[in-house]
Amino acid sequence: MFRYFFSALLLFISISCALYAQEKPRLRDTVAQQDVNDIFKILFKKNKKPDTTFKKANSLAILPSIGYTPSTGFMFGADVSITRIFGDPQKTTISIFDAFAAVSTNQLALVQLKHNVYSEGNKWYLEGSWEFGKTLVLDHGIGTGKDDPGIFPIKYTYAKLYENIYRKIFDNFYAGAGVAFNYYTNIDDERENGAKSKTRNHFYSVKNGFPTYGYSASGFLVNLQYDTRDQPFRPYKGIYINLSFRSNKTWFGSDRDANQIKTELRKYWSLSKKNPEHVLAYWLWGSYLLNGAIPYLELPGTGSDTYQRLGRGYTISRFKGPSYFYNELEYRFPITANKLISGVTFFNMQTANNQFRTPLFKYWEPGGGAGIRILFNKHTRTNLCLDYGVGNGSNGFFLGLNEAF
């Protein structure tokens, strides 16, 4: 385990240093953009010219929302998004407050409250997520490279809360700490039938000392972060690196003690000065269990990131394990001259271990696809994403707001 972990960490640091050395000056779009609001103005207010400035940073948007994944089906809801800058726009990153509620065709529901807040000059940075809901995963077991026979649908109710606070140490570099509390209850293993038929969640929970009907994972976080992105959720250039140590403690409410290291890297290259929306983007995400045990529904895997975008081409939790590694390459490009419609192509690979004979990095599962983007707000770069992903024996449409990473 430690051999694989340190190999991944060295790879992470090497790639980070190489990419950081290739940073370029800040790019500006020299072609006027038009978003959905501009199109409405053209259609219904013919005498009013579309807004081609980029000065508006503070905004309030209330949007009906529709999403789709093969796991949840169609989700219908509403999204309230507030963006503000709490300081000099040249020195302060845009802050985002987001509230989202939805129900799905699979009788699932959720409420999400998320925030990324930067103080004047990015001296302090507060990041948090509060999420409550009832959902479903189609469980295929643990690890990659071999598919256990049968799919086990698991419905459950959950609460996931985390808060991190960061302090800027020097330009673009932050150190911080936080807390995390994840609680799972009303776990319904629909294929379980008394003593004759036990699910993977049941066997894993018994083996690792967790209740089978519900459990919690609560702990403390220590984080290091480096961020030079020109914008947090649709960058044209820059790099984002986050290294996090998490320690779950029974005295803090966790069912078992556990220590994990999580690594994330995102790198963006703008390929055109005239049209900086031509972007090559790379994403690396990894979670490594050092010791202890984490609950079955807490195992890192497909869709484990904050916005459940890992592994397009597969259902949420399709691949998972005590340790998990993922990377993806995506090319983004404008389609129409006014940038209203753009496109993407992407390719990803993921690997996970299990508790038996499958180590991390032994088997890889590929995925890929293409998608369309519709620009909602050019000032905040908010867009609607429609992707079609294909994996090994899997495919489906993925619909959501903003880029996958």
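The values are calculated or read from the model by the stated rules, or taken from the named source; none is laboratory data. Predicted model only: the values in this text are computed from it and were never measured. Every residue, glycine as well, gets a Cβ built from its backbone with ideal geometry; the counts of neighbours run over all protein chains shown.
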Here are some conditions: (1) closer than 30 Å to R381 by Cβ; (2) under 18 Å from the mean Cα position of the chain (by Cα). R246 meets all but one. Which one does it not meet? (1)
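I need the full set of residues from the range 285-309 which are in a loop (DSSP other than H, G, I, E, B) and more than 23 Å from A99 (Cβ to Cβ), in order please.
Within the range 285-309, A293, I294, P295, L299, P300, T302 qualify.
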Just to check your reading of the model, which residue among Y314, Y326, Y307 is touching a residue at least 40 places away in the same chain (Cβ under 8 Å) and either surrounded by fewer than 18 Cβ atoms within 10 Å (Cβ to Cβ) or touching a helix residue (DSSP H, G or I) at 6+ places or on another chain (Cβ under 9 Å) (or both)? Y307
Quick one: in the range 378-405, which of the residues that are surrounded by fewer than 18 Cβ atoms within 10 Å (Cβ to Cβ) and in a loop (DSSP other than H, G, I, E, B) is nearest to the chain's Cα centre (by Cα)? N392
Residue, nearest to G214 (Cα to Cα), within the range 92-125, restricted to residues that are crowded, with 16+ Cβ neighbours inside 10 Å and among the charged types (D, E, K, R): K114
What's the number of the condition F12 fails, among (1) under 30 Å from E131 (Cα atoms); (2) at pLDDT 70 or above; (3) in a helix (DSSP H, G or I)? (2)
List, please: which pairs have Cβ atoms under 9 Å, are six or more places apart or on different chains, and start with a residue in the range 98-120 that is free of Cβ contacts under 8 Å to residues at least 40 places away in the same chain and more than 18 Å from Q308 (Cα to Cα) and end with one that is in a loop (DSSP other than H, G, I, E, B) and of a type in the set (K, R)? E120/K91
In the range 256-280, residue farthest from R312 (Cα to Cα) [restricted to those that are surrounded by 21 or more Cβ atoms within 10 Å (Cβ to Cβ) and of a type in the set (A, V, I, L, M, F, W, C)]: A258
Look at the range 126-166 and say how many of its residues are part of a strand (DSSP E or B), buried (at least 16 other Cβ atoms within 10 Å of the Cβ) and touching a residue at least 60 places away in the same chain (Cβ under 8 Å). 8
Output the qualifying pairs, or none if there are none: Cβ atoms under 6 angstrom, residues six or more apart or on different chains, first residue in the range 167-179 and without any contact (Cβ under 8 Å) to a residue 60 or more places away in the chain, second residue β-branched (V, I, T). N172/T228; A175/I169; G176/I165; A177/V222
Only one of G343, G393, G368 is closer than 21 Å to G303 by Cα and in contact with a strand residue (DSSP E or B) (Cβ under 9 Å, 6 or more places away or on another chain). Can you tell me which? G368
If you go through G253, G292, G343, the only one that is over 30 Å from I187 (Cα atoms), more than 18 Å from the chain's Cα centre (by Cα) and surrounded by fewer than 22 Cβ atoms within 10 Å (Cβ to Cβ) is G343
Pick out, from the range 199-273, the strands (runs of 3 or more DSSP E) lying fully within it that include 1 or more residues that are in contact (Cβ under 8 Å) with a residue 12 or more places away in the chain and among the acidic types (D, E). 215-227, 258-270
Output for the range 330-363, where each listed residue is within 19 Å of S287 (Cα to Cα), at pLDDT 95 or above and out of contact with any Lys or Arg (no Cβ under 8 Å at 6 or more places or on another chain): M349, Q350
